[in-house]
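Every number here is computed from the coordinates shown, using simple stated rules; none is lab data. Just so it is clear, the model here is predicted, and its values are computed rather than measured. Counting neighbours? That spans all protein chains shown, and the Cβs are built from the backbone with ideal geometry, glycine included.
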Amino acid sequence: MKVGFIGTGSMGSLLLDAFIYSDAIHPKQLFVSNRSVPKLHHLSERHEGLHVCQSNVETVKNSHVIFICVKPLQFEAVIQEIQDHIRPEQLLVSITSPIQLYHLENNLCCKVAKVIPSVTHKVNSGSSLVMYGSRLNDEDRLLLQNLLSHISKPVEINELQARIFSDFSSCGPAFISFFLTKWIDAAVEMTGVDREQLTCLTSEMILGTGRLLTQAELTPLQLQQLVAVPGGITAQALAQLNHSLDGAFHNLITTTHNKYKEDLQKLDQSLGQHETNRPQY
Ligand SMILES: NC(=O)c1ccc[n+]([C@@H]2O[C@H](COP(=O)([O-])OP(=O)(O)OC[C@H]3O[C@@H](n4cnc5c(N)ncnc54)[C@H](OP(=O)(O)O)[C@@H]3O)[C@@H](O)[C@H]2O)c1
C-alpha cells in the first residue's frame, strides 16, 4: 500500500514519523508534498527512501490512501488542485475537525474519512477519533483502523460530536499542560522550589495518574476520592479549586465550539452545505 501526505507541518510530520517509527509504513511507501519545500527536505533527510513529490497532484496520483494535513481554510485550495485527479477507489483522510464528510463527498469522487489525531500519537498513545464517509466498505474501514492502531487507540465516533470529543483527545494535552504550567509557576514563585526538579516530578505524577485511569480503570472521580480523605489537606484544596474554577469549563467548551462554528460557516460557503447533516450544538 502507498500512502500520501499533503501538508507536512506540525501534525502531518508527527503522524508520518509515528507511522514510520512504529513500523506501520516503510518510508518507501510514502509520497509527500507541502506548500513550502524545506519541510520536505527535512523529512527526506530523516527517512531514507521517502518520495518527495513536486505537487499535491503527484502525491495523489501515486497513493492509495492520502492524508490531508492542512489547516481548515487551506483546504479549498487543495481540493481544487486534486479534484480532477483523484480516483473513486482511493481513500482520502482529512484530519481537520471543521471539515465535514459532506464537504469532502460533495467535492471529491473518492472514498473519504475523517480522523482527528492527537499529539500523544508521537509516543504511540492516545485516541484517534475516526469517522467514515458513506463510500467506504468493511475492508476500507479495517485498513484505516489497522493503520491507526499502530500509533493510537482508534475510536469510531459520530461526526456530530467530533468537536467535543476533540476538545478532550486532541486539545486536551494542551489544556492539561496549561494547568500544570500555571501550577508550577505558582509553586516556584511562592516557595522558590527548583523548577526543573518539580517539572520532572510533575511529569512522573501525570504518567502515574494516566496509568491509574487506564490500567487500573479508576474514574477521575474515584481517583480524587482515593487521595482526598475527608478533612484532609487535599480535600480542602479541592474545595478551593472547585470554587476557583466555577464556570471555567463551560467557558472553555463555549470557546472551542464558537471557533468551530465560525470555521464551519466559512467552509460551508466555500465547499457547499448539506442541510440535513449539519452538526447541531
Ligand atoms: N496540532 C495538533 O495537535 C492537531 C491535532 C489534531 C488535528 N490537527 C489538525 O491538523 C491540521 C494541520 O495542523 P498543523 O498543526 O499541522 O498545522 P501546520 O503546522 O500549519 O501545518 C499545515 C501544513 O500544510 C501546508 N499547506 C498549506 N497549504 C498547502 C497546500 N495548498 N498544499 C500543500 N501543503 C499545504 C503548510 O505548508 P507551509 O510550510 O507552506 O506553511 C503546513 O506545512 C489542522 O486542520 C489541525 O486542526 C492538529
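One table, with the values for the structure above:
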read-out	value
Gain in span if fully extended, ASP246 to LEU160, counting 0.36 nm per residue against the direct Cα distance	28.2 nm
Volume per residue of the C-alpha convex hull in segment 3-163, rounded to whole Å³	100
CD proxy at 222 nm, helix term only [per DSSP H run n ≥ 4: -39500 (n - 2.57); per residue of the chain; nearest 500]	-16500 deg cm²/dmol
Normalised contact order of the chain, rounded percent, pairs of Cα under 8 Å and 6 or more residues apart	16
Simple label model, 7 Å out from Cα along Cβ direction - ILE233 to PHE178, nm	2.9
Alpha-carbon centroids, segment 22-68 and segment 112-174: separation in whole Å	21
Segment 25-115: relative contact order in percent, alpha carbon pairs under 8 Å with at least 6 residues between	23
Cut-off of 10 Å, at most 16 other beta carbons, DSSP loop: longest stretch of the chain lacking such GluC sites (Glu not before Pro)	90-216
Gained length - THR209 relative to ASP84, 0.36 nm times residue gap less alpha-carbon distance	40.1 nm
The chain pair-distance distribution - Cα-Cα, 5 Å bins, rounded %	1, 5, 10, 14, 16, 15, 12, 9, 7, 5, 3, 1, 0, 0
Given charges at beta-carbon only (K, R positive; D, E negative), |dipole| of the chain in Debye	240
Given the chain, longest segment not containing exposed loop trypsin sites (Lys or Arg not before Pro) (DSSP; at most 16 other Cβ within 10 Å)	36-281
Segment ILE253-GLN265, length gained on full extension (0.36 nm per residue, minus Cα span)	2.5 nm
